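One structure below.
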Amino acid sequence: MVELDAPLAPLTTLRLGGPARRLVTATTDDEVVAAVREADAAGEPLLVLGGGSNLVIGDAGFPGTVLRIATEGFALDGTVLELAAGEVWADAVTRTVEHGLAGIEFLAGIPGSAGATPVQNVGAYGQDVAQSITEVVAYDRRDDRVVTLSNAECAFSYRHSRFKADPDRYVVLRVRFALEDNAGLSTPVRYAETARHLGVEQGEPVKLADAHGAVLRLRSGKGMVLDPADHDTWSAGSFFTNPVLSAEQYAAFLALTAGRELTAPAYPAPDGCTKTSAAWLIDRAGFGKGYGSGPATLSTKHTLALTNRGAATAEDLLALAREIRDGVRAAFGVELVNEPVMVGVTL
Ligand SMILES: Cc1cc2nc3c(=O)[nH]c(=O)nc-3n(C[C@H](O)[C@H](O)[C@H](O)COP(=O)(O)OP(=O)(O)OC[C@H]3O[C@@H](n4cnc5c(N)ncnc54)[C@H](O)[C@@H]3O)c2cc1C
């Protein structure tokens with residue numbers, strides 16, 4: 001299906017941004033590949049759209065083809081799961097839990113499509129998709145062919161992947177996962193908050209349904225499960241990634257915070273780095289929950305979510321994001337990086 005001058009705001013969870021010159025909705029892999037080939041042959045800019053839950057689209061809209069992936073397919077063979085890119089991620093997670101399989105149960109309630117999950121290595125509550133993805137089937141625009149990439153070839157890292165690093169090359173068609181049959185139990189509870197909520201020690205498994213339910217409850221309490229009636233969920237989820245500081249940056253940061261008797265959360269990260277909490281930095285820099293008085297404010301439930309209160313433009317949201325980024329830099333010398341993908345705008 002092709003529509004011209006199509007509004008994009010209703011297709012995003014932030015509900016902002018201008019129209020697409022052309023919006024193509026593809027319901028089969030062949031339609032996806034054909035639409036990409038057609039746009040590429042015409043030299044037309046292309047934006048691949050899943051659930052629109054990780055996008056900030058500028059008010060001018062998109063001057064090219066927006067390809068909306070609406071393919072369907074949930075295929076389970078033993079513990080091997082294959083999802084079509086257009087499958088609704090949260091529904092697929094629920095179905096794996098109902099089948100008694102572990103591996104993605106802590107990723108419950110995350111909006112968007114299955115095909116987007118490898119792009120930023122979607123993660124929450126101690127799990128990310130890199131832990132269970134075995135293969136990603138994608139259309140390679142550079143070589144004009146469908147390829148199957150192994151987990152290692154996806155180059156996953158914290159909220160990052162080969163697909164994010166090279167955004168104009170691959171369109172994800174299918175994602176394959178190796179799940180676990182743990183006799184109805186989850187993978188070990190890795191996250192302190194979930195363990196507390198479930199009344200278990202970190203590292204213990206729990207019943208799959210309990211893990212799934214706990215995550216949904218925790219997420220709802222933070223406005224992180226979509227609810228059209230609740231403006232706190234008109235967001236792109238966490239707007240900033242948790243900063244990963246080099247040993248040198250972390251030492252400088254510690255010196256600064258020690259002077260103020262502040263103790264920031266700190267988690268070991270690869271290559272001797274330390275990951276700290278963007279939410280903590282934002283809050284301590286003076287931007288508490290609900291900060292802002294305009295049409296875009298922080299969520300009243302979560303400092304990391306920038307929200308549209310109903311009538312915000314992309315520029316309103318970006319002005320708030322810049323204020324927060326600059327405030328954190330001034331207070332802590334740490335540069336916050338946006339998690340959502342920016343379309344036609346920069347932070
Ligand atoms: C309330 C809320 C809570 C959230 N919580 C989390 C969380 O806990 N953890 C987390 O990691 N994320 C979270 N997110 C962010 C978001 O849900 C995920 O990043 C999700 O995977 C995005 O999926 P999507 O289909 O909506 O992608 P879109 O927003 O449509 O697209 C995002 C990017 O992926 C690209 N893309 C989409 N589909 C494909 C494809 N098939 N092939 C190639 N590229 C593609 C797009 O071009 C774009 O660059 C949250 C968002 C919201 C609104």
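When the stretch 77-95 is examined, which residues are found to be touching a helix residue (DSSP H, G or I) at 6+ places or on another chain (Cβ under 8 Å) and in a strand (DSSP E or B)?
Those that are touching a helix residue (DSSP H, G or I) at 6+ places or on another chain (Cβ under 8 Å) and in a strand (DSSP E or B): Leu81, Leu83, Ala84, Val88.
What number of residues within the stretch 1-24 are more than 13 Å from the ligand (Cβ to nearest atom), at pLDDT 95 or above and β-branched (Val, Ile, Thr)?
Qualifying residue count for the region: 1.
Yes/no matrix, rows are residues, columns are (1) of a type in the set (D, E, K, R); (2) touching a helix residue (DSSP H, G or I) at 6+ places or on another chain (Cβ under 8 Å); (3) at pLDDT 95 or above:
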residue	(1), (2), (3)
Val119	no, yes, yes
Gly126	no, yes, no
Thr134	no, no, yes
Asp140	yes, no, yes
Asp144	yes, yes, yes
Ala155	no, yes, yes
Arg159	yes, no, no
Arg174	yes, yes, yes
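Sort through Ala26, Ala39 and tell me the only one that's on the phi < 0 side of the Ramachandran plot and surrounded by fewer than 22 Cβ atoms within 10 Å (Cβ to Cβ).
Ala39
Among the numbered criteria (1) buried (at least 21 other Cβ atoms within 10 Å of the Cβ); (2) within 24 Å of Gly184 (Cβ to Cβ); (3) among the hydrophobic types (A, V, I, L, M, F, W, C), which single criterion is violated by Ala84?
Status for Ala84: all satisfied but (2).
Table: residues versus (1) more than 18 Å from Leu83 (Cβ to Cβ); (2) touching a residue at least 40 places away in the same chain (Cβ under 8 Å); (3) among the hydrophobic types (A, V, I, L, M, F, W, C).
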| position | (1), (2), (3) |
| --- | --- |
| Gly126 | yes, yes, no |
| Ser132 | no, yes, no |
| Thr148 | no, no, no |
| Leu179 | no, yes, yes |
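If the Cβ limit is 7 Å and pairs must be 6+ apart or interchain, which residue in the stretch 205-229 that is at positive phi and within 14 Å of the ligand (Cβ to nearest atom) pairs with which residue that is of a type in the set (Val, Ile, Thr) and in a helix (DSSP H, G or I)?
That search, which allows pairs on different chains as well, returns Gly223/Thr233.
Take the stretch 96-152 and flag every residue that is in a helix (DSSP H, G or I), within 14 Å of the ligand (Cβ to nearest atom), under 14 Å from Arg176 (Cα atoms) and of a type outside the set (A, V, I, L, M).
The answer is Gly115, Gln131.
How about the stretch 197-314: which helices (runs of 4 or more DSSP H) wholly inside it have at least 3 residues that are within 18 Å of the chain's Cα centre (by Cα)?
Output list reads 208-221.
The values are calculated or read from the model by the stated rules, or taken from the named source; none is laboratory data. Everything numeric here is computed off the predicted structure, so don't read it as measured data. Virtual Cβ from ideal backbone geometry, glycine too; neighbours counted across all protein chains shown.
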